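Just so you know, all these numbers are worked out from the coordinates, no wet-lab data involved. These numbers were taken from a predicted model, which means no experiment stands behind them. Positions of Cβ are generated from backbone atoms using ideal geometry, with glycine treated the same way; all protein chains shown enter the neighbour counts.
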Amino acid sequence: MSLNLLRRPSVESALAASADPERSLRRSLTAWDLAVMGVAVAVGAGIFSVGATAAADYAGPAVIVSFIIAAVVCGLAIMCYAEFASALPIAGSAYTFSYATMGEAVAWIIGWDLILEMLLGSAVIAKFWGVYLADAFHLFGVDLPSTVHLGGLRVDWGPLLVVALFTTLLALGTRLSSRVNAVFTVLKVGITLFVVVAGFGYVKAANYHPFVPPSQPSTTGSVLHESLVNWVAGAAPSIYGVSGILGGAALVFFAFIGFDVVATTAEETKDPQRTMPRGMLGGLALTTVLYVLVAIVVTGMVPYTALAASKSPSLTTAFELVGADWAGKVISVGIVLGLTSVLMVLMLGLTRIVFAMSRDGLLPRALSHTSPRFGTPARLQIGTGVVVAVIAALSQVDLLEEMINIGTLSAFVLVSFGVVVLRRRRPDLPRGFRVPWSPVLPVLAGVACLWLMLNLTTLTWLRFLVWLVVGAVVYGTYSYRHSRLHQSGEPAVRQDVG
């Protein structure tokens, strides 16, 4: 039998598969829940852990521009997600959308990328949670060891604790999780606004000069830590300048990954044709405003060179440098509480991606069974929780932070182009939201995301290629033969009939 890598299910069969009572999810989320979910996972990852680093190591005060660039690119891509989610409200996000438009091989690649994104994202945030917990106690005069020794292993206990807590909560129900998430999100937004108000009192105009620091040679001494586009162009490794702004945008894009995670909950959303677009776009608007405000304040409080001199620059670092230790204490507590909701949503998204791929047979079908009592894939949630906890507790996963971005961006590229494909193949499908000026805006979104990918480091690309090779081996040895399309003998869909 010849290989058929482009086979794809019809939209109708994909919708029918989601109705399987043993593998279906309960619809319980509203537009408000989705908006809060997007804010929860976005506000925290960027504001509390990435923005200061991008200013110190990439763009200086021009990180403000980096955030704006990343937000615009994300906004274009999110419109594409919103159209897809309103037309095909099934768990799986970009994986599901790609399966219905570009075929199984492409869907596998993007699903494999999303697993990378959300697995590492969960582990990175869990790791940060443990670090910030120790920092918060230290600011209050309590030295709390962040690691324990078990035999010959050095284990970070913080990630184990927080992952165990939210694995249990997510297994008990999505609606319950969203309510707890809302509490943490309100608190986190309140802390963010506090940072803006308190920080403005320490802003000095001189700290914004030069707004775009002149480009200078990179001190890494290796092209592996230079952006891929610079390496291809033969440019010497450098930081700051225009390339620093673009590199910073590629890095702070980490702050916006929450909105593709929201799309994974389409199957659990009430009236998804209306609520998905409203929730995703509303959440993006709020987070963009918060990001820009905080970037203005933090880069105005202290020189970017002072942030660069810090081993681990953060918002707390900025307040400590201006002598406002009292503010640093409040921020540290807010960070610990706020990052919990980031972790919760990422863990939810990871499980829903694996669930969707499992239901299609690309991963073991047993993983897609849902609990009749809770309406969630409880066993899968526990399994992914164990994996996340082990990675976060035992490895230096924060060194792989940019891997999260390249996984997200690759998904954004395919979703953006996929909108054009689905418009052509299925113009008859009801859509609660339509991207304006198609195909111009979807194509622009795809190209912009691709450009940000090229501004990630060469080392990140090499790691990404290794991940893709591993994925190709898994697909060739297991997923292709166990796919439901393969086992049913269903031919590739060449032309859907509405």
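Dipole size of the stretch 345-444 about its Cα centre, with +1 on Lys/Arg Cβ and -1 on Asp/Glu Cβ: approximately 680 debye, rounded to the nearest 20. Do you know the relative contact order of the chain, to the nearest whole percent, from alpha carbon pairs under 8 angstrom that are 6+ apart? Reported relative contact order: 34 percent. Just name one of PRO145, LEU348, THR288: the one whose Cα is farthest towards the positive end of the charge dipole of the chain (beta-carbon charges, Lys/Arg +1, Asp/Glu -1). Ranked along the dipole, the leading option is LEU348. Can you list the lysines whose alpha carbon is less than 21 Å from that of LYS127, not counting same-chain residues fewer than 8 positions off? Those lysines meeting the cut-off are LYS188, LYS311, LYS329. Here r is the Cβ-Cβ distance between VAL212 and THR168 and R0 is 35 Å; the resulting FRET efficiency, rounded to 0.05, is 0.15. Net charge dipole, the chain: roughly 1100 debye, given to the nearest 20, about the Cα centre with Cβ charges of +1 for Lys and Arg and -1 for Asp and Glu.
Entry note, the chain: the mean residue ellipticity at 222 nm calculated from DSSP H runs of n ≥ 4, each adding -39500 (n - 2.57), is -21000 deg cm²/dmol after division by the residues and rounding to the nearest 500.
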